[in-house]
1. Given the condition assigned to a loop (DSSP other than H, G, I, E, B), touching a residue at least 24 places away in the same chain (Cβ under 8 Å) and either at negative phi or surrounded by fewer than 17 Cβ atoms within 10 Å (Cβ to Cβ) (or both), answer yes or no: does some residue in the range 235-249 qualify?
2. The conditions are (1) under 23 Å from Leu246 (Cα atoms); (2) at pLDDT 75 or above, and Ser69 fails exactly one of them. Which is it?
3. Of the conditions (1) surrounded by 21 or more Cβ atoms within 10 Å (Cβ to Cβ); (2) in contact (Cβ under 8 Å) with a residue 60 or more places away in the chain, Val372 clears all except one; give me its number.
4. If you take the residues in the range 480-499 that are among the small types (Gly, Ala, Ser) and part of a helix (DSSP H, G or I), which one is modelled with the lowest pLDDT?
5. Among the residues of the range 199-230, which ones are free of Cβ contacts under 8 Å to residues at least 12 places away in the same chain and either over 14 Å from Gly172 (Cβ atoms) or not charged (D, E, K, R) (or both)?
6. So His263 passes all but one of these: (1) modelled with pLDDT under 85; (2) in a loop (DSSP other than H, G, I, E, B). Which condition number does it fail?
7. Of everything in the range 434-451 that's assigned to a strand (DSSP E or B) and more than 16 Å from Asp486 (Cβ to Cβ), which residue is farthest from the chain's Cα centre (by Cα)?
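The values are calculated or read from the model by the stated rules, or taken from the named source; none is laboratory data. Because the structure is predicted, anything quoted here is derived from the model rather than measured. All Cβ positions, glycine included, derive from the backbone under ideal geometry; neighbour counts span all protein chains shown.
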Amino acid sequence: MTQAPVETQGRETPDAASQAKAEAGGVSVTGEASSATEQELSLSYARPLSWLSLLVILVTSLGLSFFISNSARETLLMRQKEFASLLVANLNSQIFRRFVVPTAIASGRIALRQPSQYQHLDRVVQSVIQGLPVADLRIYDFSYVVAYSSSHQNVGRAGLASPHIEDVLRKGETHSDIVSAFPAWQAPFRLPLKPGTFVLRVLSPLKGEPLHPGEDAPIMGALELTQDITGDYERVLAFQGIIVVLCLLSSVILFALLLVLIHRSERILAERMRRNRILEEELHRNEKLAGTGRVVASIAHEIRNPLGIIRSSAELLQRRSAKTDPGTARILAAIYDESVRLSQTVNDFLDYARPRKPRQETVDVGLVLGQVFAFLEGEFGRHGITFKREIEQGLCVSGDKDLLYRAFYNILVNGQQAMERPGIISVHGARETIADADAVVLAFHDSGPGFDLAIRQSLLEPFFTTKHDGTGLGLPIVNSIITSHDGRIELCNAPEGGAIVRVYLPACETVSAPEVHDE
């Protein structure tokens, strides 16, 4: 099997190991900093922010709705008061011209206790307010007694006047107020309202016309006009309720949209942080491995030259001391075997520290596996291990035949070492379509104990091993080779027992017969 070429490298400075150690130590510090940064960028503020925004929207919307509805109510009341003022002015004019003047000429004085005068005044008043929303109309004399009322049962009664009647009779002022059966804030909770719940009462002086130009009109009494505005007030409350409901609905919709946006941003930011954390960890791991690789490559290179001398010297002494005592021969054989094993370990370190860029040529995977099987057939036969192969014809990939040979060799040797007793290693190869792309999938299945789930993810990390005499570079070298070919490997356990190593490589079409290299 062809080994990766080893370049000659000069001795590194004594600070190389300490530099690598510092780089390795920097990984944990940076990792802790990344974790702290992630905690600082925690998105726990998003939910309080969303609820705070809902509170702000609700307060703003409710305030706006009450402002609009109150404005509408004030506008309605103002219109009602303006209408009442116009009606009072019209009543003043009509009563003076159609009742006071004719009665004064005919009788010499006003006496509403006379039925004829009262009926005359009632006809004048009814002709003016007929068809208008007037609940009651009263005229008070200067003793605050009801001299006239559209509700005749109130005539002659005292104590019905408003507290402002004195200002009306003496100063000629006009007062208006709203009389309600209960506080206004209870109205929304008592819908529908009964008639007469809200009454607009306007108290105005009953004036005649001035006797001489420039003089004030004489006050003849107090005119009280009462309007039932319950229906209008109920419509204002309905309008106010519609505004409040619409504002609340719009607030809930805005809050829902804001919450969706926050949650989506939270997921996107969390995903980006996760990816950045993975990239940072991979970068730090690569930096650590690069530093470690430089130190290992330097040390391995320095060991390789004297180790080669020891190996060749032991081999030479073995040939010269063929007739020496058995004890010496065993010692020389042990020296030679251990130098070979150590040389292989050094080569593993160099292969991992200085991976070779794969050539790009069409490689028949079946032929490469056949060469690996032929090389390992004797070794596996001595351990009682049987091969089973199910490989489709024409499985071709683009890559380096020697590197793929090394990867398949390491997988099979690892499987054999994991089996403590005779067993079976089967290899299944087929062409599959994965994510709309053709791939060559190889499954190496051994009948050993399988992977320990607790450490399975660590098996691809360099220098991690469960063997007393292992370097922990077998599967990492395989992973490095497969990754350099744009592929990937997958470690899992078979349902019936044993470990499975799946290798995924991009498939390519056979453009020419693959070149077969002798191992």
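1. Start the filter on the range 235-249 by keeping residues that are assigned to a loop (DSSP other than H, G, I, E, B), which leaves none.
No - not one qualifying residue is present in the range 235-249.
2. Here Ser69 clears every test but (2).
3. The single condition Val372 does not satisfy is (2).
4. So, considering only residues that are among the small types (Gly, Ala, Ser) and part of a helix (DSSP H, G or I), the one modelled with the lowest pLDDT is Ser480.
5. Selection gives Pro210, Leu211, His212, Pro213, Gly214, Ala217, Pro218.
6. Result: His263 fails condition (2) only.
7. Going through the range 434-451, the residues assigned to a strand (DSSP E or B) turn out to be 434, 437-446.
Next, only the ones that are more than 16 Å from Asp486 (Cβ to Cβ) stay: 443-446.
Values: Ala443: 40, Phe444: 42, His445: 43, Asp446: 45 Å.
Taking the candidates together, the pick is Asp446.
A quick yes/no check of all residues on (1) touching a residue at least 24 places away in the same chain (Cβ under 8 Å); (2) in contact with a Gly (Cβ under 8 Å, 6 or more places away or on another chain); (3) in the same structural domain as Pro205 (by TED's automatic domain parsing):
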| site | (1), (2), (3) |
| --- | --- |
| Ala72 | yes, no, yes |
| Leu87 | yes, no, yes |
| Phe96 | yes, yes, yes |
| Leu137 | yes, no, yes |
| Gly159 | no, no, yes |
